[in-house]
Structure formats: structure tokens, C-alpha cells
Amino acid sequence: MENLDVARTLSEVADLLEIRGDNPFRIRAYRNAVRTVESLTRPLTQMVDEGEDLTELQGIGKQVDAHIRELLQTGQLTVLDEIVEEVPRTLTQLIRLEGVGPKKAKKLWEELGVESVEGLEAEIEKGTIEQLPGFGAKSVEKMKGSIEEFRQHRSRFLRAEAEELIRGLLEHMEKAPHVDRLEVAGSYRRRKETVGDIDLLARADEGGAEVVEYFIGFPSAVRVEAAGDTKGNIVLPSGLSVDLRVIPAASYGAAMHYFTGSKEHNVRVRTMAVKRGLRVNEWGVFRIPEGVDPDSVGKTDGDRVGGTTEAEVFASVGLPWIPPELREDRGEFDAATAGGLPELVTLDDVRGDLHMHSTWSDGTASILDMAKGCIERGYDYMAITDHSKAVTVANGLTPERVRKQWEEVEAVRAELGDDFTILRGQEVDILKDGALDQPDDVLEELDIVVIAVHSFMDMDRTTMTERVLRGMDHPQVDILAHPTGRLINRREPYPIDMEAVLDKAAERDIAVEINAHPRRLDLSDRYAARARELGVRIVIDSDAHAIPGLDVMRFGIDQGRRAGLERSHVLNCGTREEVTGWLARERS
Ligand code: DGT
Ligand code: CA
Ligand code: CA
């Protein structure tokens, strides 16, 4: 079991206890443990093997320690089995729905016998929900909407999560017989924000069946769905499904291309090939003799003209190698034929991070520690951007506290010297009416002003758009953070006219953010591409609330690459001078 599997199981226990109406302290203990396990940098299996005392970790007591050990050893958890005797496990689906907390889930279950999303849907149909005290027609409408979202999302994993969930499997496969190369293809390689499953390719010229045998023998697999001479499929404890294909070296490039996708991209490549009398498939590129119907011959018939490398596949249709992030049939073919594939931004290009929190609001590290974290990551500058006072749950800063914070910034600057720049920033709330949550004198004195929506997200599209546009009209604004407010698989974007927002950003030279947090990745790849087309400056920020949080930057970079961004499009790939120069820009 990976750490994330352990965290998910403990979180399920907490959810079920909460639905049951258990002791809040007990519930909190599980939630704290989840947070700790999620933030560990080493695998629990290794820590336990090395005899470490887990109870020394914050939030892990004797009982949770025992649970973790049981999970790691057996893949089971007795306490969970016991709770499930009493509370249906499927009830945890309900609390993922908007407007249904543990209390409401309990009520639906006890009063109407609802145990799952399907059950809830049936009751909505019957019109019984509205009769329950505490559930109005409006909340039923909300539920309906979020049931649909639930359907769309439930089978997809954040790529960042998937990365963790397959770590142990990849280690296992490193030792597979006959295999001299191992790579993940599919949406994972295209760096999509979520993945439906994992497509693993192993290069081996012989012993395919043995490779598959070894693969399905992965100890943590909970199910084997397929096992053949060249193909296998297993399901991991998280429910993540993994396809394996064993490929001979001569076909490896063709298979990488085929299984990387996307389907839409592949279709275009195959069509281009047909026009040249070629056939491209997962086995290679083949010349079909004139007068022969390609559908009448076998997949590897005809003269092989390539397929060992991906570059050969692309070259066969007259294209340069196209980075996987761009393979969505969203303009990459036109760009490639015109010789204009972008030189995509990389993590090494990043020189600073302009959105992060400290203990002054809801972060867990001091300004000094965050600065040191940035320096360790090779950055030249950062902005500290704690919340403003409207975000009370995050201990947002009043004007008085902002000024106090500046004293600390001054002290940290003095301590760290001139090689590193700390900008005095703030993530200022865009209030319900579009006003900003700090007085003008504070906004004027800040080095950098990041604005964002954190409340009243259920406005209609027109009102929300007007609100954000009004916020952007304030003369001090530099960055619009997480512009759509979405949380992937949890909360849809609020309705907003992004075209109008991006136009405004272009007009006022405001940078729009790709928030790099794997749950946000907001802007999406499509909106970020649109921003690029409109000439809007883009900033890629971690929004870190702790030092390790700075490392999510790479997911933001991946998103930027999918949007076709080059270094020059990204504000925080600029030098300190460029950024401070831009911050001092003249605006009407
Ligand atoms: P996912 O798993 O939903 O996140 O998305 P993908 O892109 O990884 O899709 P998946 O796992 O179904 O298939 C992996 C790749 O294999 C896909 O991107 C393209 C290729 N592929 C699979 N099935 C087909 C097909 O029927 N036609 C074509 N042209 N390509 C296919
Ligand atoms: Ca896939
Ligand atoms: Ca697949």
C-alpha cells in the first residue's frame, strides 16, 4: 500500500464515523492522521520496515499507528470492517455531493433508506427529499447538478495522485525479466490533469508471457482483469486500473506513439499516413502496395518503413517529433507543418513564485522558512501573499496586521541579503460586489496585488463576471489568481465569462494565474491557451501553504506546456528586474 492508499482508507473511516455521529474527537484524530500521512515524504512501508516509531509523528497516536501497521501488513482494516457492518460504505459517496454533509447523509439514510448516489437519485425522482425537514427545492436542484458531476468524475484520478499510487508498481516492474525499458504512455504521459487509467509499456524482445506473469504478481494488486502473452491488466488498491503491454524493440516507438494518444491526435496521423500510401499502427509504419485495400491485409503486412522510435513515426508523415503534451489535435499539426512548434516552458525556466501563504494566514511555515524553501529551489524572488480579512477561516489579514507583517518581511530581507527578493504581496479577496478587501492605501503600498474569489461562488454568470471585471479594474491589481475557482473532481468552475475576463486582463495588463496545485490547475489548459492567443501574460504559482507545497510548481508547468506556453509567456520565468519592472508599469 502506498501512503495515499493509507490516507484514503483512514479518511473513509473518518467519513463513516462522522455519518454515524461518532465522537468528534475520534473523528478529528483520524483526520489529523490523514493530513500527516499525506504530507510524508517517505513511504510508510519503508518507515515501518526500518523500525521507526510512527507515534512520534504529529497526529499519529497508538491506535492509528496500529491501524497503519495492520493496513500495511494485511491490506485490511478491522475497524473499518466493523463500522461497515453498521453504516453502508456507499454513504461516503453522498458527502462528496455539494450540499450534502455527514448530517444530511445520515438523515437521508435513516429516514429514507438512501445508501448511495443511485438511491438518492431515485428518491429525488419520487419527490420525497423535498418533504424532509432541512431539504428545500433549491437544495434538491443542487444535488441533481452535483450527481451529474459525480458521475463524470468518479472514475478519474488526479495525475499527481496517480503518480504516487503507481510508485510501488513501477519499482516492482524495474525488476521484471526481459524488460529493458519501461514507460507510462496514455494521458499520464500527455500530462493531463486527470487520468482514467495507466498505460504501461515494457520493451522486451522475448518472454512476453513471463513479463505479464511477473506484472500480475504485483503483491498489492487487488484484482487481475487480464493476462495474456503481451497484455495484462491489474487493479490497484485505490481502484486505479493499469494496462501493461509488452512490445518488441522494433515496434516500441510506434507503440509509444499509439498508446500515448490522444485518440484524436492518432486519427489525424493515420489519415496523413493513408494519403502517403502508408499505414501507421501500434506495430510500426508500413507501406501498402499500390492497389491493395489496407483493410484487406494484416496489421504488419507491407514493407516496414519505421516504428523503432516515435520520431520515425512522425517523420513518415513529414512531421517533426511533437511533445506528448500537445498531442490533442488542437493545432499541433498546423504548428508543426509550419515549422512553428513552441519551445515549451520547463521547470528550470522558473525563477520565482508569486503566490504563497505563511503562518500570518493559513500557511504552516514562517516567511523566513518559505523564503529559504524558495532559495533552495533555485529561485531569485518570491511574493508572500497571505489572505485578506474576508477569508476569516484562513485568518485573513486586517490592514493593521498587513502592516505588522511588513515589519517581519523587512527583517527577513535584512537577514537574507540582496541576492533574493521578497515582494510584499497579498491575496486580496474580490468581495461580493467586486470591491477589493483592503483599503486603497494598503493596496498602493503592496509590491504586488493578487486578487481572487473565495466566497459567494453560486452567483449567476453575469453577476460573477461583473464582479470579477470590477475587481480587475482596480488600478493596483497585478495578478488574477485561480480564475475559475474550480477544484478538480470536487467543485465545478463558477459560471463566468472567461473570454471577457481574458480580454480585460489583456487590456489592463494583468497576469492570469495557472494555479499549480494539482486539485486546482486553474486556468485549465484550454483557457491558458486562449490567454496565450490573446496575448495575456500568464503566471504559474504554487499557492503553497507549507514548504513542500512549493514543489507543485511542476504540475503548473505541465499545464502550461499543454497550453503551448513558452518561457516568454510566463511572468515568473522572467528575471527579478523584468518582474519588478513589470510591477512598476504605468497603467491608465
Ligand atoms: P484516459 O485513460 O481516459 O485518461 O485517457 P487515455 O488517452 O490514456 O486513453 P486510453 O487509456 O483509453 O488509451 C490510451 C491511448 O491508446 C489513447 O490515448 C490512444 C490509444 N487508443 C486506445 N484506444 C484507441 C482507439 O480505439 N483508437 C485509437 N486511434 N487510439 C486508441
Ligand atoms: Ca489511460
Ligand atoms: Ca488504457
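The values are calculated or read from the model by the stated rules, or taken from the named source; none is laboratory data. On a predicted model such as this, the values are computed, not experimentally measured, just so you know. With ideal geometry, Cβ positions are generated from the backbone for all residues, glycine too; neighbour counts draw on all protein chains shown. What goes into the accessible areas is simple: the full protein's heavy atoms, side chains included, and nothing from ligands, DNA or RNA. Shrake-Rupley method; radii C 1.70, N 1.55, O 1.52, S 1.80 Å.
Take every pair of alpha-carbon atoms less than 8 Å apart whose residues are at least six positions apart; their mean separation over the length of the chain yields a relative contact order of 9 percent.
Here the relative contact order of segment 252-337, from alpha carbon pairs under 8 Å that lie six or more residues apart, stands at 33 percent.
Rolling a 1.4 Å sphere over the protein heavy atoms, what is the accessible area per residue of segment 157-247, to the nearest Å²?
Values: 3760 Å² over 91 residues.
For segment 157-247, the per-residue accessible area is 41 Å².
Note that segment 494-588 presents 37 Å² accessible area per residue, ligands and nucleic acids not counted, probe 1.4 Å.
Considering only protein heavy atoms, what per residue accessible area in square angstrom results for segment 276-418 with a 1.4 angstrom probe? Mind showing how you got there, number by number?
On the way: 6690 Å² over 143 residues.
For segment 276-418, the per-residue accessible area is 47 Å².
Summing Lys and Arg as +1 and Asp and Glu as -1 over all other residues whose Cβ lies under 9 Å from the Cβ of Met553 gives a net charge of -1. Given q = 0.07, 0.12, 0.15 Å⁻¹, what are the Debye log10 I(q)/I(0) values for segment 347-583, with equal point scatterers placed on the Cα positions and solvent ignored? Debye intensities relative to I(0), on a log10 scale: -0.19, -0.59, -0.96. Sites listed here are GluC sites (Glu not before Pro) in segment 312-356 whose DSSP assignment is loop and whose Cβ has at most 12 other Cβ atoms within 10 Å: Glu343.
Excluding Glu578 itself, calculate the net charge of residues whose Cβ lies under 12 Å from the Cβ of Glu578, where each Lys or Arg counts +1 and each Asp or Glu counts -1. Could the numbers behind the result be given before it?
Values: positive: Arg351, Arg537, Arg567, Arg576, Arg585; negative: Asp380, Glu577.
Around Glu578, the surrounding residues sum to +3.
Normalised by the residues of segment 3-150, what does the relative contact order come to in percent, with Cα pairs under 8 Å and at least six apart?
Numbers: 128 pairs, mean separation 32.0, N = 148.
Relative contact order of segment 3-150: 22 percent.
Each label point was placed 7 Å from the Cα along the Cα-to-Cβ direction; for Arg276 and Leu347 their separation is 3.4 nm. Note on Asp303 and Gln58: their simple-model spin labels are 6.8 nm apart, each label 7 Å out from Cα toward Cβ. Backbone amide hydrogens, once placed in the peptide plane, bring Ala365 within less than 5 Å of Thr359, excluding anything fewer than 5 places away on its chain.
Using protein chains only and a probe of 1.4 angstrom, how many square angstrom of Glu118 are accessible, to the nearest 10? For Glu118, solvent-accessible area is about 80 Å². The alpha carbon convex hull volume per residue for segment 252-337 rounds to 80 Å³. Restriction of the trypsin sites (Lys or Arg not before Pro) in segment 479-531 to DSSP coil positions whose beta-carbon has at most 15 other beta-carbons within 10 angstrom yields Arg490. Round to a whole number: what % of the accessible area of the chain belongs to carbon and sulfur, probe 1.4 Å? Its accessible area is 47 percent carbon and sulfur atoms.
Taking 0.36 nm per residue of separation and subtracting the current Cα-Cα distance, fully stretching the chain between Ser155 and Met457 would add 106.2 nm.
Take the Cα of Asp369, step 7 Å toward its Cβ, do the same at Glu533, and the gap between the two points is 4.4 nm. Shown here: the chain, whose C-alpha atoms stretch 78, 63, 56 Å along the first, second and third principal axes, sorted largest to smallest.
State which entries of Lys404/Lys432; Lys104/Lys142; Lys192/Lys299; Lys104/Lys138 exceed 18 angstrom in Cα-Cα distance in the structure shown. Spell out each step's value before the answer.
Working: Lys404/Lys432 27 Å; Lys104/Lys142 14 Å; Lys192/Lys299 30 Å; Lys104/Lys138 15 Å.
Distance filter (> 18 Å) returns Lys404/Lys432; Lys192/Lys299.
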